[in-house]
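Colleague: Before we start, here is the structure in question, set down as structure tokens.
The values are calculated or read from the model by the stated rules, or taken from the named source; none is laboratory data. Predicted model only: the values in this text are computed from it and were never measured. Note: ideal-geometry Cβ built from the backbone for every residue, glycine included; neighbour counts use all protein chains shown. Surface accessibility is based on the protein's heavy atoms, side chains included, excluding ligands, DNA and RNA. Shrake-Rupley method; radii C 1.70, N 1.55, O 1.52, S 1.80 Å.
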Amino acid sequence: PSRWNTLRALRVLKYVDAKLVKQLDGPPFSAATRSHDGVIWFGGPEAIARVVNDRLEPFVLPDAAKGRAVESIAVDGRGAVWVAFDEAGLFRFANGTWTSNGNIAELPQGEVVSATVDGRGDVWLGYVDRRIARVSGEQVRVFTAADGLSIGAVTALYAKSSFVWAGG
């Protein structure tokens, strides 16, 4: 299996069976994900980019997020890219357009530090203030202490099929 990795040297590296096979020059990245269709996405303070035919295809960030570190990145089942920026908030990139908080009024305001996608294509977002939000299309369900959530900042999320692990 191949692995992609980033270094401070502004490169994306591809390994196959523990051997370096490709180096791609690009902007610095701080987060990465793999979409349900196998596309690798990277995010950083200068751009998000996807890997297409072993080449980086960058996309310009929204003005409010330029220069901000990417805390987490996830691609939902519809192909929208969700990016949590440090101190700039959560944005959804769909059909070439960025929207703050996904343009979903029910989605909580607050700092998102982790994100994952489950087997249904729903996005799960972990907040610093002990909340988790599940976004299914345009529908949102927020989990709090009232739902049994008893961890601090939700800094880690992992989903597979219909279950989600949360850590903090």
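Colleague: Remind me, relative contact order of the stretch 20-168 in percent, using alpha carbon pairs under 8 angstrom and six or more residues apart?
Modeller: Values: 357 pairs, mean separation 20.8, N = 149.
Rounded, it is 14 percent for the stretch 20-168.
Colleague: Quick check: residue separation of Lys66 and Leu13 times 0.36 nm, minus the Cα distance between them. What number comes out in nm?
Modeller: Working it through step by step, the gained length comes to 16.7 nm.
Colleague: So how far apart, in nm, are the two label points at Asn95 and Thr155 if each is 7 Å from Cα heading toward Cβ?
Modeller: 3.8
Colleague: As an exercise, use a Förster radius of 22 Å and the Cβ-Cβ distance of His36 and Asn103 to find the FRET efficiency, rounded to the nearest 0.05.
Modeller: Calculated transfer efficiency: 0.50.
Colleague: What number comes out for the charge environment of Leu107, summing +1 per Lys or Arg and -1 per Asp or Glu over other residues with Cβ under 12 Å away?
Modeller: +2
Colleague: Pull out the extension gain between Asn53 and Val142, defined as 0.36 nm times the separation in residues minus the alpha carbon to alpha carbon distance; nm, one decimal.
Modeller: Separation in residues times 0.36 nm, less the Cα-Cα distance, equals 28.3 nm.
Colleague: Over the chain, with every protein chain in place, what whole percent of the accessible area is carbon and sulfur at 1.4 Å, could you tell me?
Modeller: Heavy-atom surface of the chain belonging to carbon and sulfur, 1.4 Å probe: 46 percent.
Colleague: Given the chain reduced to its alpha-carbon atoms as identical point scatterers, what log10 I(q)/I(0) does the Debye formula return at q = 0.15, 0.18 Å⁻¹?
Modeller: At q = 0.15, 0.18 Å⁻¹ the computed log10 ratios are -0.81, -1.13.
Colleague: Gap in Å between the Cα centre of the stretch 47-69 and the Cα centre of the stretch 145-168?
Modeller: Measuring centre to centre over Cα atoms gives 28 Å.
Colleague: Before I look further, what does the chain give for accessible area per residue, probe 1.4 Å, in whole square angstrom? Present the calculation step by step, with values, prior to reporting the outcome.
Modeller: Numbers: 9130 Å² over 168 residues.
Per residue, the chain has 54 Å² of solvent-accessible surface.
Colleague: Size of the dipole of the stretch 16-168 about the Cα centre, Lys and Arg at +1 and Asp and Glu at -1 on the beta carbon, nothing else charged, in debye to 20?
Modeller: Result for the stretch 16-168 is approximately 280 debye, rounded to the nearest 20.
Colleague: Out of all DSSP beta bridges with both ends in the stretch 19-168, state the antiparallel percent to the nearest 5.
Modeller: 100
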